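Data first, discussion second: the structure below is written as structure tokens.
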Amino acid sequence: MKTVADTHTWLGTADPEFLDLAIAEVEAADPEAAVQRLVEAPGLLWVCSQRSFAALAQDWQVVPPIFLRHICPIHQEWLLSGGSLGKLSLSPDILGGIDPGLSFSVQTRLFGELNFKPFQVNQALAEQVISATGAPLEVKDPQQILSVVILALADGIRVYLGLSRALQNLSNWAGGIHRFRRDPGQISRAEFKLLEAIQVFQVPLQPGGRALDLGAAPGGWTQVLRQHGQEVTAVDPAELDGRLAQDPGIHHRRLSAQAYLASRPGQFHLILNDMRMDGRDSARLMTGFAPHLEPAGAGVMTLKLPGHRRLQVLQQTLSILQGTFPVVKARQLFHNRSEVTLYLQPLQKAD
Ligand SMILES: C[S@@+](CC[C@H](N)C(=O)[O-])C[C@H]1O[C@@H](n2cnc3c(N)ncnc32)[C@H](O)[C@@H]1O
């Protein structure tokens, strides 16, 4: 198979609030990298690195960055004057780099005032790919992705386009923006945060598993756990939403997590923690609960990062957890607000 030339120019995406930490991650991986914030596109970084996109992507597949949410290469670039897009023609190099045996998707992100929509660009480019290569289009879970980023500038339009394997991008979703359909029965927006964590970390959820939800009220995470067939012990001094009251699979303990820990809880397959408290205190509580986690179980916790000294709080929290949990993964998820989500495993599982 002919592969599209590896590039050293690429785009990175992070939450605008954590862009400085994402830049630090790029610089740690490649101290020679030139990194620019794109003012027209909050949260977007243009990078020209000494190491190639493929080399960095390979490293980050093994140990993903925390704040850099998505990366995509730049193989073609246009600067168009005026406000209209016209016809974008994929170069022979890009078309030749598409593996006809692998599914593909086009993911377009637009920034600023533009008179067209992402789906129009997706459709026009997907047609070119299909007629030139015959590769199957698979929007949800593609194996290769054509990433398109279009910026409205004061005097024209800039288009970046690049081809990569989905795994290289750190997320299958355009820019790592993972949207879920809003369920009319949703109890809290926090539900999206857990749904995203389940997918990103591939949280094990065997049917009939026992889950402990610390800081459960009003009950969004508890509801998601029930939808995944878990029996839930929900710990929170506050009330749970009334819609959960009749569910025999939910055991509400109206206690603080500290008091519940002192009451000799049983064993759980999953321990979740979305408590609103200092991250280091929250981590110490998770280590206290570790003996109550089954060996093949897992923990998920959100870690609030205060505006000041947030890197220090993150590092201190990770070092508290690493003493007890051999595997600690951290990602700043799309649905996190001023926080990151941590995934904890008491034992390294053989893959
Ligand atoms: C962000 S809310 C949790 C939202 C919940 N995950 C959901 O999906 O609905 C934080 C909760 O942590 C609880 N909390 C704070 N400190 C706690 C403690 N020491 N023990 C138990 N719960 C606590 C609060 O009462 C509050 O309900």
_Neighbourhood net charge (14 Å Cβ-Cβ; Lys/Arg +1, Asp/Glu -1) for ALA259_ = +2
*So what's the back-of-envelope 222 nm ellipticity for the chain, counting only DSSP H runs of four-plus at -39500 (n - 2.57) apiece and dividing by all residues, rounded to 500?*
-8000 deg cm²/dmol
*Computed lengthening from ARG179 to VAL62, 0.36 nm per intervening residue step minus Cα-Cα distance*: 39.6 nm
*Which ordering of ARG276, ARG51 is given by a fewest-first count of other beta-carbon atoms within 10 Å?*
ARG276, ARG51
*Charge-dipole axis of region 213-351 as Lys and Arg at +1 and Asp and Glu at -1 on Cβ define it, positive-most pick from VAL300, ALA283, TRP221*: ALA283
_Chain lengthening between GLN36 and TRP78 when straightened (0.36 nm per residue, less Cα-Cα)_ = 13.3 nm
*Hey, how many Å between the Cα centroid of region 151-205 and the Cα centroid of region 4-21?*
15 Å
_Placing unit charges on C-beta atoms (Lys and Arg positive, Asp and Glu negative, everything else neutral), compute the dipole magnitude of the chain about its Cα centre in debye, rounded to 20._
660 debye
*Calculate, in nm to one decimal, what GLN199 and ALA152 gain on full extension: separation in residues at 0.36 nm each, minus their alpha carbon distance.*
13.7 nm
_Rounded, prolate or oblate, given the Cα gyration tensor of region 190-345, with a/c below 1.5 counting as rounded?_
rounded
_Model label zone, LEU255; criterion: amide N under 17 Å from point 7 Å along Cα-to-beta-carbon; scope region 282-300_ = 285-293
*Work out the FRET efficiency for ASP247 and VAL139 from their Cβ-Cβ distance, taking R0 = 25 Å, and round it to the nearest 0.05.*
0.10
*Using only the Cα atoms, work out Rg/Rh for region 9-176, with Rh taken as the Kirkwood radius, to two decimals.*
0.95
*For the chain, which span is the longest to avoid every loop-located (per DSSP) member of GluC sites (Glu not before Pro) having at most 15 other Cβ atoms inside 10 Å?*
240-351
*What's the FRET efficiency of ALA5 with GLU127 using the Cβ-Cβ distance as r and R₀ = 30 Å, to the nearest 0.05?*
0.80
_Could you work out the pair-distance distribution P(r) of the chain from its alpha-carbon pairs, with 20 angstrom bin width and percents rounded to whole numbers?_
28, 51, 21, 1
*Arranged by the count of other C-beta atoms within 10 angstrom, fewest first, what order do LYS87, LYS193 take?*
LYS87, LYS193
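Only the coordinates and a few stated rules stand behind these numbers; no lab work does. Just so we're clear, the structure is a prediction, and the values are computed from it rather than from any experiment. Neighbour counts run over all protein chains shown; Cβ positions are idealised from the backbone, glycine included.
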